[in-house]
Amino acid sequence: MPRTYAEEMSYIRQLDPVTYEVRQGFVPGMRVPGTFYVNDHLKGLLFDELQQAVQRGDHGGFLPAVKQLANVAALPGIVKRSIALPDVHSGYGFAIGNVAAFDMDNPEAIVSPGGVGFDINCGVRLLRTNLTEADVGPVREQLAQALFDHIPVGVGSQGIIPTTAKDMEAALELGMDWSLREGYAWAEDKEHCEEYGRMLNAGSM
């Protein structure tokens, strides 16, 4: 039988002004507790999301971030606790802002693509190769340098594309269409982006 909002909240306790703990049992199979860090304003958003999910029942919508945090706490091999940072909100598996460590000496431990950012397209990728540690070991420094040289990263305060505040506003509003207009993307790139690279209501958010 579904729990009430008050019953859901009975699993969550405040440890200090910004730290909350989610007890095991909040979702089935939790191996460790959950912890999240929020101020009063963010706390309201997080708990409103949980309350709305209770009212919605099984009628669709994202799982609330607190439930996703707890689901991560149920993953095999997790160490100590599932943690959510102050930017926490619903994702597609892990909550956005959800952090977890896994014991790779545990044969049941996992590596989750959801934990490295596929849901927000942040450029982090999980790739599988047939290379072994012995294959990579002798060239690991050269490999790391080659990856750094060929994969864009957000290091430094300036990039090779000159951008004004007006350009930034247009890019945020138009998304991938701005990149196409400026010649930084191909039309087929849109087919590989969530919502074709543009949230249609972005300008009104």
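Placing Met199, Met1, Met30 in order of accessible area, with the largest value first and a 1.4 Å probe, yields Met1, Met199, Met30. Label separation (Glu21 vs Asn130): 4.9 nm, computed from points 7 Å beyond Cα along the C-beta direction. Taking the chain as a Gaussian network of alpha-carbon nodes connected by springs under 10 Å, the highest mean-square fluctuation of the residues Phe26, Phe148, Phe36 belongs to Phe148. Take the convex hull of the alpha carbons in the stretch 133-197; its mean projected area over all directions comes to 6.7 nm².
The listed peptides 84-94, 178-188, 37-47, 130-140, ordered by packing as a protection proxy, come out as 84-94, 37-47, 178-188, 130-140 (highest mean of other Cβ atoms within 10 Å first).
Less than 5 angstrom separates the built amide H of Phe26 from none of the residues sequence-distant by 5 or more or on a different chain.
The three principal axes of the Cα atoms in the stretch 71-111 give end-to-end lengths of 31, 18, 13 Å, sorted in falling order. Note on the stretch 5-115: Cα convex hull, mean projected area over all directions, 6.7 nm². A helix-only calculation puts the chain at -8500 deg cm²/dmol for mean residue ellipticity at 222 nm, using -39500 (n - 2.57) for each DSSP H run of at least four residues, averaged over all residues. For the stretch 5-115, the carbon plus sulfur part of the accessible surface works out to 55%, probe radius 1.4 Å.
Over the stretch 47-99, all Cα pairs binned in 10 Å intervals from 0 give whole-percent P(r) values of 27, 51, 20, 2, listed from short to long.
Hey, what D do you get for the chain in µm²/s if you plug the Kirkwood alpha-carbon radius into Stokes-Einstein at 25 °C and 0.890 mPa s? Reported coefficient: 122 µm²/s.
The values are calculated or read from the model by the stated rules, or taken from the named source; none is laboratory data. Here the structure is a predicted model, which is why all the values come from computation and not from measurement. All Cβ positions, glycine included, derive from the backbone under ideal geometry; neighbour counts span all protein chains shown. Just so you know, the surface numbers come from the protein's heavy atoms only, side chains and all, with ligands and any DNA or RNA stripped out. Shrake-Rupley method; radii C 1.70, N 1.55, O 1.52, S 1.80 Å.
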